[in-house]
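Take a look at the structure set out below.
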Amino acid sequence: EEKTGGASSRAYGLLQVSSRSDDVSEVARMIRHLGRQQKDFALGLLSTQISSAAQSSQGADVFAKVKGLIEKMIQRLLDDAKAEAGHKAYCDKEMAETEAKKAEHEEDIEHLDSKIKKGESSKAKLTAEIAELEAELGQIAQSQKEMDGQRSEEHAAYLEAKADYEQGVEGVQMAIKVLKEYYGGSSFVQQPEVSTHSAASGESTGIIGLLEVTESDFSKLLAETEADEKDSEDSYEKQTKANKIAKAEKETSAKYKTKELKDTEAELAELSGDRTSEQSELDAVLDYYSSIKKQCVAKPDSYEERKARREAEINGLKDALEILESQGVGFLSVKSVQSVSYRRRR
């Protein structure tokens, strides 16, 4: 054993060096391939660091150093996964709450817009109805004014005609009376000749008869004038009463519609204020929603894709560690044989 101790040491030493180099190179190639596959520059850099460590270190140190690099990378990936999982939980919570607030404000605004639209429609309708009532009241007032003027003129004409007809009747009656007295009294004062008396008597009878017809015509015209006046007065009073009733109804309707219009305008003002407040709150939510989306949605690949890639990287690095750890045990066994051989030579 002493004679073969040196040869064994060299043989086992050369075997260890060759095995170490091959295993580390294989690990470096695995990690480099994994980096290209996952498009991760950090893994490519780790591969380079492992190759450099293999060239600059000897013996067990190279395995420890490479293992440390890989474990450090695994820990970094685990820390990144934990941080991103926490960030995703934060994003999911904030996005869900923000979207719920956004939907709530949008629903409130839609409801307010509907009420405002309905209120504006009612306002327009009331405004038109009030304007129509005011126009009708104006027409009633104008009609009544014209009726008053016409009635005044008709009544004045009636009074004038009545006075004329009464005066005419009175005058005719007086004339008839005078003629009757004249012709009736003359028979007692002087008896004219029969022929003369007959002629005078016949003449008086014709004149008195004509006057009586005139009196009758005047009386008839007076009666007709009074009847026309009564009809005109009755028609005027009837229409005036109808105008008063219509005026009262329309004024009452206009009064209540005006009050309703003011209430509607007040409600619209309140709704508009609520709508402005809701819009301000929605704008704030939308601003926050935009900023949170930049934090949570702006990345080109999804969380699930990044998680799967990171897990693939961790699993690949663990595979590399298993290769190193399995070879590391063999390497330690070789070193133990060398140590025993060396002690025996001594």
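The values are calculated or read from the model by the stated rules, or taken from the named source; none is laboratory data. Please read all numbers here as calculations on a predicted model, not as lab measurements. Cβ placement follows ideal geometry from the backbone for every residue including glycine, while neighbour counts extend to all protein chains displayed. We work out accessible area using only protein heavy atoms, side chains counted, and drop any ligands, DNA or RNA first. Shrake-Rupley method; radii C 1.70, N 1.55, O 1.52, S 1.80 Å.
Flag set for LYS82, criterion: assigned to a helix (DSSP H, G or I) and more than 14 Å from the chain's Cα centre (by Cα).
For residues in region 216-228 being out of contact with any helix residue (DSSP H, G or I) (no Cβ under 8 Å at 6 or more places or on another chain) and not small (Gly, Ala, Ser), which is farthest from GLU153 (Cα to Cα)? It comes out as ASP217. Any residue at all in region 46-59 that's surrounded by fewer than 16 Cβ atoms within 10 Å (Cβ to Cβ) and not in a helix (DSSP H, G or I)? Yes. For region 98-110, the candidate set comprises residues that are loosely packed, with under 13 Cβ neighbours inside 10 Å and over 19 Å from SER291 (Cβ atoms); within that set, the residue that is farthest from the chain's Cα centre (by Cα) is GLU107. Within region 25-61, the set of residues being over 20 Å from ALA312 (Cα atoms) and at pLDDT 75 or above comprises SER25, GLN49, SER51, SER52.
Which one is least open to solvent (accessible area, probe 1.4 Å), of the residues in region 306-325 that are more than 15 Å from GLN75 (Cβ to Cβ) and not small (Gly, Ala, Ser)? Ranking the qualifying residues of region 306-325, first place goes to LEU324. TYR303 - would you say it is touching a helix residue (DSSP H, G or I) at 6+ places or on another chain (Cβ under 9 Å), at pLDDT below 80 and open to solvent by less than 70 Å² (accessible area, probe 1.4 Å)? Yes; evaluated as a whole, the condition is true for this residue. Would you say MET95 is over 29 Å from ALA320 (Cα atoms) and either in a helix (DSSP H, G or I) or open to solvent by less than 40 Å² (accessible area, probe 1.4 Å) (or both)? It is true that MET95 is over 29 Å from ALA320 (Cα atoms) and either in a helix (DSSP H, G or I) or open to solvent by less than 40 Å² (accessible area, probe 1.4 Å) (or both). Candidates in region 229-247 are the residues that are of a type in the set (A, V, I, L, M, F, W, C) and surrounded by 11 or more Cβ atoms within 10 Å (Cβ to Cβ); of these, the one that is nearest to TYR158 (Cα to Cα) is ALA242. Evaluated against (1) open to solvent by less than 60 Å² (accessible area, probe 1.4 Å); (2) modelled with pLDDT under 80, SER290 falls short on exactly one condition, (2). Against the numbered list (1) more than 30 Å from ARG275 (Cα to Cα); (2) open to solvent by less than 40 Å² (accessible area, probe 1.4 Å), GLY119 comes up short only at (1).
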